[in-house]
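No value in this document is a laboratory result; all are computed from the given coordinates. On a predicted model such as this, the values are computed, not experimentally measured, just so you know. Methodologically, a virtual Cβ is constructed for each residue, glycine included, from the backbone with ideal geometry; neighbour enumeration extends over all protein chains shown.
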Amino acid sequence: MSERKTITPAHRYRNNDRLIGIGNTFWNTSYEHGVAGIVGDLEDGVFHTPDGHEFVNFTVCSYLDLDTHPKVIDGAVASLRRFGVLDHCIPRTRVQTPVLLELEESLGELFGAMVISAISTAAASTGLLPVIASGHLGNGTRPLMVFDKNAHVSMANAKPSCADETEVVSCGHHDLDFLKDMCRTYERVCYVVDGSDSLGGYAPVHELAELQEKYNLLVFYDDSHSLSAYGERGIGYVRSHSPVLDERTITVATLSKGFGAGGTAILLDGYPEQTRRLIERFAGPLGYSQKMNAAAVGAALASAEIHRTEELTLLQGRLRSNIALFDSLVATEQSDSTYPIRVVPMTDETVIDAAKQVFAAGFYTSPVFFPIVARGTAGLRVMLRAGQSEEQIRRLCAALVRAGARPAAAAPAPGIGGEHLAATTGEGAPDGHA
Ligand SMILES: *Cc1c(COP(=O)(O)O)cnc(C)c1O
């Protein structure tokens, strides 16, 4: 018998025992109750499952419904034909077709920044953060990397690789006092944070800009939830709030949510052109993995064209009024925010059953509950979109209230508008068997 070694993990930045232990309980419960693992065909905005159930998905992040826009679909098809190859598999630094250059020029003009594309935000953050940590992207000084405790997993996952290049710490959500302390202590600091949070809320862009001016703070924003849905030409929350537009601000934003295509945009200001080469060569997957493919680029080019027209303003306006309609019917903590995501409060005990009831009524909303969220914060996640009809939203809200959601204070009292809601739930329901 050999004396072989058992490994004791450091678990300084990640812990799969905990992650999988906690996460799998959540997923198994969701799966067993039929509110995860759903498969269906999508036709005209309605899902059809093999067993004949029909539902509208109220948990999809395509806030302007550009992902199913005919021009975006046509753009994807035409681009593949035009460039003749989905992905010419060689690092773009060696040989490339003009496909990405065309996209980056278009997005650069649209957002007023130097744009570098990547296949996903996850790949971009995985690649960029260690290059920032080593001081190669920035002013050359190795910064202390401060990760907001709520930073999206695509950023938090880069902690171990950043920690091999510099020091890494986590801070409380939007803890400006901590950041100021760190700025006074360290030569340089980089704060890694979501521009717009997955559960509602925005980064304090203005306050951060003050710290940037005063201490040269570098801020890495992920504004994935706001691109397209927010701001002039869909420029997103961060860039609508006067961030410092130079080497001290780096923003990534997915093109797969509001933008309705695929891939991601890295937005840079005040960097010299050779920074582009550095990123393409050394930002992890950007240097060694696949790029945005021609179909995704074609979809993105078409979406960018829509962003240049009145149609974008119109879609943003519809999104706002759908959000307002929802808020007038169901009470949530996010009420009255411009943010398109709502969490309808339930308890850990009721949330699965509520999701099932709402699903039976013809709407998918995703339940979140302990242990993936803190006790007392369970609920159904709802995403509003421009393309949802008033009737769909009214029927969803009626189903939510029947399942235990609190009606908004301004909501019609049962027996007046309530009767109307009840009447509409039976008729023309996408599920047809409510
Ligand atoms: C959705 C999301 C991502 C993932 O984007 P991909 O481009 O699909 O990798 C990353 N960050 C945030 C904040 C997101 O909400």
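Miscellaneous remarks
- For q = 0.17 Å⁻¹, Debye-computed log10 I/I(0) when each Cα of region 70-307 counts as one equal scatterer: -1.22
- FRET E, pair residue 377, residue 41, Förster distance 30 Å, beta-carbon r, rounded to 0.05: 0.35
- Inter-label distance, nm, simple model (7 Å from Cα along the C-beta direction), residue 313/residue 184: 4.7 nm
- Kirkwood-based Rg to Rh ratio, the chain, C-alpha trace: 0.99
- Taking a Cβ cut-off of under 13 Å around residue 221, the surrounding Lys, Arg, Asp and Glu residues balance to a net charge of -4, with basic ones at +1 and acidic ones at -1.
- Modelled spin labels at residue 173 and residue 2, positioned 7 Å past Cα toward Cβ, are 4.9 nm from each other.
- With a Förster radius of 30 Å applied to the C-beta separation of residue 245 and residue 153, the computed FRET efficiency comes to 0.60.
- Straightening the chain between residue 90 and residue 25 buys 19.3 nm, computed as 0.36 nm per residue apart minus the Cα-Cα spacing.
- Positive-end ranking of 386, 86, 195 along the dipole of the chain, with charges on Cβ about the Cα centre, is headed by 86.
- When exposed loop sites are taken as GluC sites (Glu not before Pro) in a DSSP loop with at most 11 other Cβ atoms within 10 Å, the longest stretch of the chain clear of them is 4-348.
- Principal-axis analysis of the Cα atoms of the chain puts helix 205-215 at an angle of about 10° to the longest axis.
- Over region 306-373 - Rg/Rh using Cα atoms and the Kirkwood inverse-distance radius: 1.08
- Over region 1-95, Cα pairs under 8 Å with separation of 6+ residues give a relative contact order of 9 percent.
- Degrees separating the helix 294-307 axis from the principal Cα axis of the chain, which is the longest one: 70 degrees
- Counted charge near residue 241, where neighbours are those whose Cβ lies closer than 13 Å (Asp, Glu -1; Lys, Arg +1): -3
- Taking amide H atoms as placed 1.01 Å from N in the peptide plane, the amide H of residue 189 lies under 5 Å from those of 144, 218, each 5 or more residues away in sequence or on another chain.
- Degrees between helix 176-185 axis and first principal axis of the chain (Cα, 0 to 90, nearest 10): 10 degrees
- Figure legend: label point modelled 7 angstrom from the Cα of residue 289 along Cα→Cβ; residues of region 221-239 with amide N under 20 Å from it are 221-225.
- Spatial offset of region 320-336 relative to region 174-217 amounts to 29 Å, using the alpha carbon center of each.
- Debye, to nearest 20: dipole size of the chain, +1 on Lys, Arg Cβ, -1 on Asp, Glu Cβ: 980 debye
- The modelled label-to-label distance for the pair residue 324/residue 18, using points 7 Å beyond Cα in the direction of Cβ, is 4.4 nm.
- Net charge of the neighbourhood of residue 335, taken over other residues with C-beta under 14 Å away and scored Lys/Arg +1, Asp/Glu -1, is 0.
- Selected from 214, 291, 356 as most flexible by GNM, with the chain as the system and alpha-carbon contacts under 10 Å: 214
- Region 261-317 versus region 23-89: alpha-carbon centroid distance in Å: 21 Å
- Look at the alpha carbon pairs under 8 Å that are at least 6 residues apart: their mean separation over the length of the chain gives a relative contact order of 21 percent.
- Measuring nothing but how far apart in sequence close Cα pairs (under 8 Å, 6+ apart) lie, relative to its length, region 70-307 scores a relative contact order of 30 percent.
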